[in-house]
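Here the structure comes first, spelled out in structure tokens, and everything after it is commentary.
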């Protein structure tokens, strides 16, 4: 995540800000230029003659993104338009959690865009495009998961108590909204980046056959648990369940690492070459990422401990996991571009 400043007064901003607390300028993020623009409430900022307006979800989802002004003045931003289903306007509790989920999703969409990963929505591809159903489980059963590009998220994951109870009951070291988005989007990119193409043989060498019976694997995992030696080959116990889950977990951790390094570089906690827009292709690029990540994650964990918190990154990356993550890197940032 970049370090943003108000273009009117120079005040430091966070990615989620909608108002500058120093000069009272209104703020809006524009994805194509990766910029937060400041403007007066009565004005419409322009980029090369194109007027920008707030995303139509600026109230219901607290979205602070800007889009090009169209004839109807109700355009959704690049992130919000990927959401297919949301809570109804009369469900205030669910809408509050919906806004939190959309904020996490916007961070992930920005990272994917920075990495130049292809995002095709369900308007363009109704059968396999990326889409989101963000649903409340208070009135119905909702299972977080992925199917053919469509990601379903239980908005209860935005509730700290609910999420922590699940984390403890499932013996997970880490559980967050942004982690859910990165994991489920990993399933989408397995199809997009690997599929049945040239990368498939190497995928199967590292992760196994993604076409293995998923329900049988799910039943086995919850009946028997992970193998006792899973720490040597997998980034998490859940990754042991099925090859597709191993890929999704590994992909999510790759995104965790890249975005955290990018943020660290923005605040001079890592070299400038750690940013998402740095050229880090191929094996050498991945080795550089890990060289930067290991001391940073160690120091961040120690800082968290000094504040009495759990480790920021409570995971170990054994050689086999790094080999899998290197494969993820190779399809995200191929040597030849």
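Given the conditions (1) assigned to a strand (DSSP E or B); (2) loosely packed, with under 13 Cβ neighbours inside 10 Å, which single one is not true for residue 43? That leaves (1) as the condition not met.
Residues of segment 138-197 that are at positive phi and at pLDDT below 75: 171 alone. Kindly list, by first and then second residue, each pair from a residue in segment 61-90 that is within 17 Å of residue 152 (Cβ to Cβ) to a residue that is part of a loop (DSSP other than H, G, I, E, B) and modelled with pLDDT under 90, limited to pairs with Cβ atoms under 7 Å and residues at least 6 apart or on different chains. Close Cβ pairs (under 7 Å, with a partner that is part of a loop (DSSP other than H, G, I, E, B) and modelled with pLDDT under 90) amount to 87/136.
Within segment 252-306, the set of residues being closer than 24 Å to residue 236 by Cα and part of a loop (DSSP other than H, G, I, E, B) is empty. Of note, residue 87 satisfies the criterion of being more than 23 Å from residue 38 (Cβ to Cβ) and crowded, with 19+ Cβ neighbours inside 10 Å. Residues in segment 115-124 that are under 22 Å from residue 255 (Cβ atoms) and surrounded by 11 or more Cβ atoms within 10 Å (Cβ to Cβ): 115, 116, 117, 119, 120, 121, 122. Given the criteria surrounded by fewer than 16 Cβ atoms within 10 Å (Cβ to Cβ), out of contact with any strand residue (DSSP E or B) (no Cβ under 9 Å at 6 or more places or on another chain), free of Cβ contacts under 8 Å to residues at least 60 places away in the same chain and under 23 Å from residue 199 (Cβ atoms), does residue 279 qualify? When the stated conditions are applied, residue 279 passes them.
Against the test of being surrounded by fewer than 17 Cβ atoms within 10 Å (Cβ to Cβ) and closer than 19 Å to residue 182 by Cα, the options 318, 334, 295, 314 yield a single qualifying residue, 314.
The values are calculated or read from the model by the stated rules, or taken from the named source; none is laboratory data. The structure presented is a predicted model; accordingly, all values stated were derived computationally and were not measured. Methodologically, a virtual Cβ is constructed for each residue, glycine included, from the backbone with ideal geometry; neighbour enumeration extends over all protein chains shown.
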